[in-house]
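Following: one structure in structure tokens, then a few remarks.
The values are calculated or read from the model by the stated rules, or taken from the named source; none is laboratory data. Model, not experiment: these values are computed from the prediction. Positions of Cβ are backbone-derived with ideal geometry, glycine not excepted, and every protein chain shown enters the neighbour counts. Only protein heavy atoms, including side chains, enter the accessible area calculation; ligands, DNA and RNA are left aside. Shrake-Rupley method; radii C 1.70, N 1.55, O 1.52, S 1.80 Å.
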Amino acid sequence: MDLWVKRDDLTGFGGGGNKGRKLEFLMPEIVRSGATAVVCCGSAQSNFVRQMGAACAVMGLRCVAVTMGLPFEPEYGKPNRAVAADGGNGVLNRIYGTEERRLADGSWETLYAGAAAVAEELRAAGERVYEVPIGGSSPMGAYAFYLAGEELGDGFDWVVTATSSGSTLAGLGTWFLGSGTRVLGVSCDPEEENRDDVLRLSGAMAEWAGLDRRLEDVDVRFGYAGEGYGVSSEEGLTAIEWLARRSGVLLDPVYSGKAFAGLLDLVGRGEVGGRVCFWHTGGVPTLFAR
Ligand SMILES: *Cc1c(COP(=O)(O)O)cnc(C)c1O
């Protein structure tokens with residue numbers, strides 16, 4: 001295997017990570033809407049909340065983030081442990097002036113409902129509110145990764161990336177449709193319906209941007225999420241050390257470490273090989289959660 005790493009952990013804004021590209025297309029839309037406040041949601045260690053808060057600070061917008069230490073899907077059960085809610089991204093949220101409203105742990109649906117309630121509350125108080133979907137996974141967010149595919153160019157047999165809310169994979173997958181490059185997502189959630197979100201986002205992006213193609217199918221692997229979203233896995237932690245000690249590159253316990261563990265396993269099984277690009281989506285601040 002000839003392994004390359006696309007360093008989106010170094011996108012450079014707000015601590016880096018894949019959400020910087022999405023925000024490049026989300027922020028103009030938010031500013032154009034005339035919003036005075038943004039309501040977003042995520043786990044307490046959300047990298048999206050961190051970068052969203054940085055973008056709002058720079059643009060002079062109020063950012064209210066509704067968070068849970070460990071949101072989960074009831075159907076799959078609540079994991080018994082989680083990456084710590086404090087430290088890490090939480091420290092950076094305070095630096096950026098993000099107003100965090102922490103809810104008790106519950107389902108993703110409860111988190112979304114909590115965010116909608118906060119948006120209502122702010123509207124009643126006179127704010128013009130823009131509600132951002134989880135992970136910044138809107139058609140604009142996916143389009144950012146469609147163009148990122150163009151930036152990478154051809155010459156790779158595989159592009160492998162972490163996936164969760166889906167717009168990174170939707171954009172990259174749609175760009176490389178019909179090319180010699182196969183795109184594979186390693187899911188950081190056990191929930192298999194997340195695959196449908198990727199297809200839905202590809203369609204919504206195609207409509208928004210006037211593209212003549214959309215994903216009808218996508219390669220997502222669900223075997224590497226461990227106990228669940230927001231919980232480190234043995235294999236993920238081993239992968240973090242593996243890459244760090246060979247290259248100095250840091251991965252994170254929630255996303256990129258699990259994705260890289262998946263990549264190593266798939267290479268070992270002979271399912272992935274040749275010239276491979278691991279798309280490093282960032283998340284390094286979570287290493288400092290405590
Ligand atoms: C958000 C995030 C992902 C997942 O990207 P999606 O577009 O939400 O699927 C992967 N890695 C890191 C570090 C992230 O913060």
(request) Only residues in segment 274-290 that are on the phi > 0 side of the Ramachandran plot and near the ligand (Cβ under 8 Å from one of its atoms) count as the first member; pair them with residues that are of a type outside the set (Val, Ile, Thr) and assigned to a helix (DSSP H, G or I), Cβ under 8 angstrom, at least 6 apart or cross-chain, and list the lot. (result) Gly282/Asp8; Gly282/Asp9; Gly282/Lys19; Gly282/Asn47; Gly282/Ser256; Gly283/Asp9; Gly283/Asn47; Gly283/Ser256
(request) Run down Asn47, Asn93 and say which single residue is within 30 Å of Asp154 (Cα to Cα), open to solvent by less than 60 Å² (accessible area, probe 1.4 Å) and in contact (Cβ under 8 Å) with a residue 12 or more places away in the chain. (result) Asn47
(request) Please name all residue pairs, on different chains or six or more residues apart, with Cβ atoms under 6 Å, provided the first residue is in segment 218-245 and is of a type in the set (Asp, Glu) and the second residue is surrounded by 21 or more Cβ atoms within 10 Å (Cβ to Cβ). (result) Asp219/Leu184; Glu235/Ala261
(request) Could you please let me know if Gly126 is assigned to a loop (DSSP other than H, G, I, E, B) and either without any contact (Cβ under 8 Å) to a residue 60 or more places away in the chain or of a type in the set (Val, Ile, Thr) (or both)? (result) yes
(request) For segment 132-188, name all the residues that are away from the ligand (no atom under 11 Å from the Cβ), among the β-branched types (Val, Ile, Thr) and either in contact with a strand residue (DSSP E or B) (Cβ under 8 Å, 6 or more places away or on another chain) or under 27 Å from Ala117 (Cβ atoms) (or both). (result) Val132, Val159, Val160, Thr181, Val183
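Report yes if Asp157 is open to solvent by 30 Å² or more (accessible area, probe 1.4 Å) and modelled with pLDDT under 95, otherwise no.
no
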